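Structure, as structure tokens:
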């Protein structure tokens, strides 16, 4: 069953519309519907909050404020610095102030708008630049340094510049939703669309003032997350649970799309200042890099996100002499949060931007500059944070992609086209990805699983991971089927539940299959050992002489039982047929005080070549062709992995070319609906889209049958699209100055960069 292109377990249900999400679950009798009343101010003191009209509105059953919360008024996942319901001060426009429950969705939403609230306005901080000027940070800044920075001033070649990349809305298909069902004795069952059921369990319990054990959180699947439901689901679950406690009735809280986008965190946007020294062939000699991100009103996951950005400022390149300073800026915008890549894309954006500037300055093909800076054999095999690369396939992989994509031939064709075309320009870029696999918080690198064998030979599989379309469940089921030696059809995948597998880590960091798959394998091995011991005692053979394969068990050389027969016999002999499994990632450690260690178990790598065309009069761009070569190790499921590569790449392309998050000067989010926020559609996909798995892939780590993580790394392959556009814009002017292109490379930003190049070619 492993290493086979097995269909997604819910593929038919997705296609037919039969897959159940939270809003599809049968509602218990008496279910109420909730909505938040939110702030209309960006930063202000609350002077008066008159909710009389809300309470008197038709169909309203209950209204709660911060004062009605019996436990902790907090949804901060790490630092308790963000209230579920604001009380005396609001810090971003759209922040929840109260919650209302009514007999219909429409009644709840109408009532929430009837509040009379008086504010005293306070000056907001909205931009990264403003926060830097005022030294407003959600967590302390970080510095990572190694080598001799004096080389900066002694170099013959030196560049200084500024880069910027934008935020990104998750735009999951299923919006934020929770259904809370009160039980007896203070118990609460919560169905939530979340990537982190345990965190929702913990925060709901804390808000209700009950032990974690009194709260259970359950979901079969969520309709997309991309990091946006790692922490952001908590406020909806807490709001529903508080109203369920207040009314004694089930409560569903489902945000409409506008409120969802306004009220939930985005990918962190970043500002970079760099000062780089390099040799005549483009090899970096020293780099001084400042990163600053917009974190919003609270810490949320900003510490870990920005740490990962620092970890990935090298991308695939060796930095012998480097200083990186990372600022985590507090602003009066919704708290930024996890997003696919979790800071890695923002770190790599800096690395690729610096190298693009160097290649243009020296008039050397960007691929050659990138290859000259790659990690290699010792001593060029250690990261700036002290981790040695043990599985660096990128030099060989890049060479293979360069040849397969005909990069050199196409580079000549692009130059020839540009020389004869004044109104349209083409660009070409090959960029690599080296992405570390593990949670940056060490305690999260663990997982549990639960496996039951039933007497008919069927298998119940449960673990702490959440299915959000990425194919986690089918991959873990493949591992379990292989371990037990049975058909995949025997494995029954069940809903994720904190009541079955406790203390789970979020499904994030591209570690879902690694962690949960190994936990499931551990549980299956425990069951196999019990069954083998039963066979040894019953049939007089050694345990090592019992083999599980193809739904049959060979016992020595003379006896064979079907899997069903063995399980039935074992049950009658009182052999336990249920087992838990556990796995924790070994060898990882990190000392933040020294900023040194091994924070990742391994690296997932790949590379992409993108070719684009731009219209120099309108700024419009078109992606013409993409060639991807990605190392998925010994892929557990090539069909699933190819889908992740394609989807991740397109999502990354959206971030870098069209998805623009815009706040106005008053702190209003202007891009809060599909009408104002553009995401990629089918027509934005390239007409030529080649995806290959690295056929020499074989992880040095014996985990998940030597496959490699594939959820997040492909998103960063889309840096090739941005740099192909960079290349095309650069073709409009012979200047050797860096192209002043900001991400996303919207038509407006492309035109701005062209005009700036022509207006001031010697910036």
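A short reminder: the numbers here are calculations on the coordinates, not readings from a lab. Remember, predicted model here, so these are calculated numbers, not experimental data. So basically every Cβ, Gly included, is an ideal-geometry build from the backbone, and we count neighbours across all protein chains shown.
See the values below:
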| read-out | value |
| --- | --- |
| FRET E, pair residue 735, residue 258, Förster distance 51 Å, beta-carbon r, rounded to 0.05 | 0.75 |
| Binned Cα-Cα distances of segment 486-582, short to long, each 5 Å bin given as a whole percent | 2, 11, 19, 23, 16, 12, 9, 6, 2, 0 |
| Nearest-0.05 FRET efficiency for residue 390 and residue 499, computed from C-beta distance (R0 30 Å) | 0.15 |
| Antiparallel DSSP beta bridges within segment 446-584, as percent of all bridges there, nearest 5 | 85 |
| The chain - percent relative contact order, Cα under 8 Å, separation 6 or more | 15 |
| Value of Rg to Rh for segment 337-491 (Rh from inverse mean 1/r over Cα pairs, i.e. Kirkwood) | 1.13 |
| Ranked list, fewest to most other Cβ atoms within 10 Å of each Cβ, for 40, 593 | 593, 40 |
| Percent antiparallel among DSSP beta bridges (both partners in segment 158-260, rounded to 5) | 70 |
| Globularity ratio of segment 99-256, using Cα Rg and 2.2 N^0.38 Å | 1.51 |
| Relative contact order for segment 446-584, counting Cα pairs under 8 Å that sit 6 or more residues apart, in percent | 35 |
| FRET E, pair residue 123, residue 416, Förster distance 56 Å, beta-carbon r, rounded to 0.05 | 0.50 |
| Mean Cβ neighbour count within 10 Å, used as a protection proxy, ranking 420-430, 621-631 highest first | 621-631, 420-430 |
| Relative contact order (%) - criterion: Cα under 8 Å, at least six apart; region: segment 182-251 | 41 |
| Candidate values (i) 23; (ii) 17; (iii) 34, label of the one derived for percent of Cα pairs over 51 Å apart | (ii) |
| Simple spin-label estimate for residue 145 and residue 634 in nanometres, 7 Å along Cα-Cβ | 4.6 |
| Extent along principal axes [Cα atoms of segment 677-719; Å; largest to smallest] | 42, 24, 17 |
| Burial ordering of 672, 327, fewest other beta-carbon atoms within 10 Å first | 672, 327 |
| Fewest-first ranking of 412, 371, using other Cβ atoms within 10 Å as the exposure measure | 412, 371 |
| Long-range tail of P(r) for segment 187-287 (Cα pairs > 21 Å, %) | 47 |
| Distance between modelled label sites at residue 560 and residue 162, nm, 7 Å Cα→Cβ extension | 7.5 |
| Hydrodynamic radius by Kirkwood, which averages 1/r over all alpha carbon pairs of segment 218-349, in angstrom | 17.1 |
| Per-selection Rg to Rh, segment 630-763 - Cα, Kirkwood hydrodynamic radius | 1.09 |
| Fraction in percent of alpha-carbon pairs per bin - 10 Å, segment 617-685 | 16, 37, 27, 16, 5, 0 |
